[in-house]
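The values are calculated or read from the model by the stated rules, or taken from the named source; none is laboratory data. Bear in mind the structure is a predicted one, so any value in this text is a computation, not a measurement. Virtual Cβ from ideal backbone geometry, glycine too; neighbours counted across all protein chains shown.
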Amino acid sequence: MFTGIIGNIGEVIKVEKKNDCSRLRIKISLTDDVKLGESIALNGACMTVSRIEATDTFDFDISLESLKRTNLGSLQKGDKVNTERSLVVGARVDGHFVTGHVDSIGEIVDIKKSGDDCLIYIKIPTEYVNQVVSKGSITVDGISLTIIDIINDTFNVTIVPHTLKHTTLNLKSNGSKVNIETDVLAKYVQKNENVQGISKEFLTEAGF
C-alpha cells in the first residue's frame, strides 16, 4: 500500500529483456536500508526488489502483465522514474490510499500553464471513465492528484510547482504515456453501484 507521495526520483541504469519479462536496474537515493523482497512503487506500479546491487541500486523483475498494463516496458537507460516506498502502519497519509496495481496507461493530450501551476489533460480508456469523478483522487505515474474536470474520456489535473519539481511530470509532453490507477473506492462503487442507496454521487457529496 502506498499514498501517492513521491519520495525520490530514480534513474534507470540497465534494462534487461528476459523472454516475455524484463528486469530493470534502478538507482534510488534512499536514507534507510532497503531489504530484499521489499515493495517499491515505480511510476505507481508496485514492484519487488529482487536484487540489491549496491546501497542505492536495485533490480526489479517486471512481469508480462505489468509490461502490458504499465509504461515500465518503454523505459530505457537514463530514464527517470517516480519512486515511493510502501506505507508504514501508523504513518501520516498525505495523499490517498494507493494499491500500486496500475489499471491502464493514459496519454497526455494537452498541457497548459496557469500562472505558476500547470494544467494537464489526460485521456484514458473508456472502460475506466466511470471510476473517475470530479474532485476525486487519481494516481498518475504514482502521484496522488485531484481531478478537476472530466470531458468524455479525458480528465484534467492541476500540478503545483512543488509537484513539478519533485516528480517526473516536468519531463512530460503531449503524447507522453502515464500509468493510471483509479481510486480503489471508485472500483467498489462501480461494482455495487446504487446498492443500499450508495452511489458515486452520494460519496462525492459526502466528501469522498
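For the residues ASP110, ASP59, the requirement of being touching a residue at least 12 places away in the same chain (Cβ under 8 Å), outside any loop (DSSP other than H, G, I, E, B) and in the same structural domain as LYS172 (by TED's automatic domain parsing) singles out ASP110.
Scanning the range 114-152 for residues that are part of a loop (DSSP other than H, G, I, E, B) and among the charged types (D, E, K, R) returns ASP116, LYS135, ASP141. Got at least one residue in the range 118-133 being exposed (fewer than 14 other Cβ atoms within 10 Å of the Cβ) and either on the phi > 0 side of the Ramachandran plot or of a type in the set (S, T, N, Q) (or both)? Yes, there is a match, as at least one residue in the range 118-133 is exposed (fewer than 14 other Cβ atoms within 10 Å of the Cβ) and either on the phi > 0 side of the Ramachandran plot or of a type in the set (S, T, N, Q) (or both). Among the residues making up the range 16-47, a single one is surrounded by 15 or more Cβ atoms within 10 Å (Cβ to Cβ), modelled with pLDDT under 95 and assigned to a strand (DSSP E or B): CYS21. The residue list VAL93, VAL157, VAL88 contains one member that is assigned to a strand (DSSP E or B) and among the β-branched types (Val, Ile, Thr), which is VAL157. If only residues of the range 62-85 that are under 15 Å from the mean Cα position of the chain (by Cα) and part of a strand (DSSP E or B) are counted, the one that is surrounded by the most Cβ atoms within 10 Å (Cβ to Cβ) is VAL81.
Restricting the range 151-208 to residues that are basic (Lys, Arg) and more than 18 Å from VAL109 (Cβ to Cβ) leaves a set whose member that is modelled with the highest pLDDT is LYS165.
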